[in-house]
Amino acid sequence: MSERVEIQKTYKTYVGGAFPRSESGHYYKVVDSEGDFLANACRCTRKDFRDAVKVARSAFGGWSSRSAYNRGQILYRIGEMLENRRDQFVKELGTIGFTKEEADADINASIDRLIYYAGWTDKYQQVFGSVNPVASSHFNFSLLDPTGVVSILAPENSPLLGLVSVIAPVIAGGNVCVVHASEQYPLPAISFAEILNSSDVPGGVVNILTGIRSELVEHFSSHMDVNAIFYTDSLDKETKTMIDELASNNVKRVVKKIQRDWYEEDAESPYFIVDFQETKTTWHPVGF
Amino acid sequence: MSFIKNLQITPIDRVAVEEKVSRLNKRSIKKESKMQALKLALSMVDLTTLEGKDSEGKVQQLCQKAKSPHPSVPDIPSVAAVCVYPSMVRIAKNHLKGSRINVASVATAFPSGMAPLSIRIDDTKFAVDEGADEVDMVITRGAFLEGEYNLVFDEIAAIKEACGDAHLKVILETGELHTYENVRLASDIAMEAGADFIKTSTGKISPAATQPVTLVMLEAIRDYYYKTDKMIGMKPAGGIRTAKQAIQYLVLVKETLGAAWLNKDYFRFGASSLANDLLMQIVKQQTGYYQGLDYFSVS
């Protein structure tokens, strides 16, 4: 019998619950910590982004109307699945320079973060919603509604924990997202997509694209059907201004939370959920 | 004037039709030509609402959309017509007074056509009396499939007579005709019987308009033109939702019939959500930014 040929994994994108290639047919080279070739990743274009926003928008209604409890169950499920496939991530993080211990710590923290936000799904409304005292005969209360489609520039230097930390609070609050994975380390993001795909997360709720960030930022900021943009890396002044200006066209929320260390206590907080919520206040007449 | 005497079955090569469509779909229409195509497509839309829940308000709103599809951007053409049920014709007519937009009305017991001919004729006359400029009739598919071609022919001719000056569009409901040969034959019968337009579908049956079916009908129109010198219009309807699809249809028309058919007198789209996608693409071309439906009026 001839010697077995190893099957190499093809890394694609994750859009609408499927794993399509970039429409452009273009790729870019991803290297390991030694600078050796690791894989080709899809070099996504603005059209891939446009398509992703479209499916995200159509997934929004269903996801935002799930019960908070159900969203919590699904986030918990993502954590379970990640636990199950720990070995794959240890190996994958290993290729980009994580030791076994570092990789384990990264995976543990990622799972814990998912469980953390799973717990918050049915609690943030109680903590941040309010009944407001008003000087008239009205019952006045404020509720939080999800913002909608969020475009996310995932942290460049934390390919798993950072990625999980930006996706979890956004979807915990009933939003849907289109994520640009770390440009230098995109492979864990695509493997994480396989986990999302087997965790009862409806297709289109999380969409993950890979590619060259400088080519995509403009479209992540300008798309009129995107309601918020989220980034956590510190960007150069020019890019920041561009994001702010383009986002202003449809009054997108621009959420910047510069985070250098994803193990820090301030890397998880219910305020990350509230950042992607709109407050709706209702005045309800009451008799005396 | 019996049709059956000259009845000719034109065989259709299914593979060739589908291959031709997929080849034409690869045409790349960009920049200025795309902009031109988008505006042209918008000017050919029959903005349609055909639901049991249609109300006076809904029709008025649709008419407003037809007149000025997106007021914040200049140079946007109005659509070709508003297409409603007969009971809504007068409302639409009043609201469109002073504009060049036609009122089209479905008639003849739309969408099934399952009513006695006398009632279908009355339905048509009612629509025309209310002010419809165009009538969209359905053929009796059951009779057609039974081979009662003369009956189908005579019914179309009777409705044509009832239309008077109004333009007649004949809906073949291709989703119920099963084969391309049937589509071709139904097209030939409709044109011989006096149709001004032939139309694919009611929009109530799936599949509605498809590009191969449209190509078969366009070829029927072309052959009829060669034979008689008469230009018949074409209206695909149902299932056309994106600007990209619309441009692909325009390519089919241009390549099969030529530029003479590329205007609202000879080509229409029956659609409700297409108009907004065309508008979003037009604004995208102008601004460079992808658009969201939040910024366009409902249709």
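Which loop chymotrypsin sites (Phe, Trp or Tyr not before Pro) in segment A:200-266, with loop taken from DSSP, have no more than 12 other Cβ atoms within 10 angstrom of their Cβ? Loop-located and lightly packed - A:TYR263.
Distance between the modelled labels on A:ASN132 and A:SER198, one decimal in nanometres: 4.7 nm (7 Å Cα→Cβ projection). Comparing A:ARG85, A:ARG21, A:ARG113 in a Gaussian network model of chain A, where Cα atoms under 10 Å apart are tied by springs, the biggest mean-square fluctuation is seen for A:ARG85.
A Förster distance of 41 Å, applied to the separation of the beta-carbon atoms of B:LYS31 and A:ASP261, puts the FRET efficiency at 0.30. Applying the criteria of a DSSP loop state and at most 12 other Cβ atoms within 10 Å to the trypsin sites (Lys or Arg not before Pro) of segment B:203-264 yields B:LYS230. Compared with the dominant principal axis of the Cα atoms in chain A, helix A:161-172 is inclined by about 30°. For the residue pairs B:LYS160/B:LYS264; B:LYS160/B:LYS244; B:LYS26/B:LYS58; A:LYS12/A:LYS256, the C-alpha atoms sit more than 32 angstrom apart in B:LYS160/B:LYS244; B:LYS26/B:LYS58. Label positions at A:GLU34 and A:THR279, each projected 7 Å from the Cα along the C-beta direction, are separated by 5.6 nm. Per-residue Cβ neighbour counts within 10 Å put A:SER2, B:SER206 in the sequence A:SER2, B:SER206, beginning with the fewest. Taken along its three principal axes, the alpha carbon spread of the protein assembly as shown comes to 90, 89, 43 Å, from the longest extent down to the shortest. With a threshold of 18 Å on the Cα-Cα distance, the over-threshold entries among A:LYS54/B:LYS20; B:LYS97/B:LYS235; B:LYS34/B:LYS254; B:LYS93/B:LYS199; B:LYS97/B:LYS199; B:LYS39/B:LYS284 are A:LYS54/B:LYS20; B:LYS97/B:LYS235; B:LYS93/B:LYS199; B:LYS97/B:LYS199. Against chain A, whose longest principal axis comes from its Cα atoms, helix A:213-222 is set at around 20 degrees. Based on DSSP H runs of at least 4 residues, each adding -39500 (n - 2.57), what is the mean residue ellipticity at 222 nm of the protein assembly as shown after dividing by all its residues, to the nearest 500 deg cm²/dmol? Taken over the protein assembly as shown, the calculation gives -13500 deg cm²/dmol. Amide H to amide H distances under 5 Å link B:GLY270 with B:ASP46, B:ALA237, B:GLY238, where only residues 5 or more positions off or on other chains count and H is placed in the peptide plane. Taking other C-beta atoms within 10 angstrom as a stand-in for reagent exposure, A:HIS180, B:HIS70 fall in the order B:HIS70, A:HIS180, fewest first.
Applying D = kT/(6 pi eta Rh) to segment A:203-288, where Rh is the Kirkwood radius over alpha-carbon pairs, T corresponds to 4 °C and eta to 1.567 mPa s, the Stokes-Einstein value obtained is 84 µm²/s. Relative to the dominant Cα principal axis of chain A, helix A:86-95 is inclined by about 60°. Scanning residues 5 or more positions from B:VAL135 or on other chains, those with amide H under 5 Å from its amide H are B:SER105, B:HIS167, B:LEU168, B:LYS169, with H placed 1.01 Å from N in the peptide plane. Exposed loop sites, defined as GluC sites (Glu not before Pro) outside DSSP H, G, I, E and B with at most 15 other Cβ atoms within 10 Å, are absent from the longest region of chain B, namely B:149-299.
A quarter of the convex hull surface defined by the alpha-carbon atoms of chain B gives 15.0 nm² as the mean projection.
Check each of the GluC sites (Glu not before Pro) in segment A:192-279 and keep only those in coil by DSSP with at most 12 other C-beta atoms within 10 angstrom; list them in order. Each step should come with its number before you reach the end.
Numbers: sites: A:GLU194, A:GLU215, A:GLU218, A:GLU238, A:GLU245, A:GLU264, A:GLU265, A:GLU268, A:GLU278; in loops: A:GLU264, A:GLU268.
Qualifying residues, ordered by number: A:GLU264.
When Lys and Arg each count +1 and Asp and Glu each count -1, what net charge do the other residues less than 11 Å away from B:TYR180, Cβ to Cβ, add up to? Result for the local shell: -2.
So, counting K/R as plus one and D/E as minus one, what does the shell of residues with Cβ under 12 Å around A:ASP87 add up to? Numbers along the way, then the final one.
Details: positive: A:ARG85, A:ARG86, A:LYS91, A:LYS100; negative: A:GLU83, A:GLU92, A:ASP104.
Cβ neighbours under 12 Å give a net charge of +1.
All C-alpha to C-alpha distances of chain A, sorted into 5 Å bins beginning at zero, yield P(r) values of 1, 6, 12, 16, 18, 16, 12, 7, 4, 3, 2, 1, 1, 0, 0, 0, 0, 0 percent in whole numbers. Each of B:MET137, B:MET191, A:MET242 was scored by other Cβ atoms within 10 Å of its Cβ. Listed from fewest to most, they are A:MET242, B:MET191, B:MET137. Calculated FRET efficiency, B:SER87 to B:GLU19, Cβ-Cβ distance, R0 = 51 Å: about 0.70 to the nearest 0.05.
From other protein chains only, count the Cβ atoms within 10 Å of every residue's Cβ in B:284-291, then give the mean. The partial results should precede the final answer.
Numbers: counts 3, 0, 0, 3, 4, 10, 12, 5.
Across B:284-291, the average partner-chain Cβ count within 10 Å equals 5.
Compactness ratio for segment B:74-196: Cα radius of gyration over 2.2 N^0.38 Å (N = residue count) comes to 1.10. Simple rule: put +1 on each Lys or Arg Cβ and -1 on each Asp or Glu Cβ in segment B:4-295, find the dipole, and look at B:PRO236, B:THR179, B:ILE189; the Cα lying farthest toward the positive end is B:PRO236.
Rule-based calculations on the coordinates, nothing more; no lab input. These numbers were taken from a predicted model, which means no experiment stands behind them. Every residue, glycine as well, gets a Cβ built from its backbone with ideal geometry; the counts of neighbours run over all protein chains shown.
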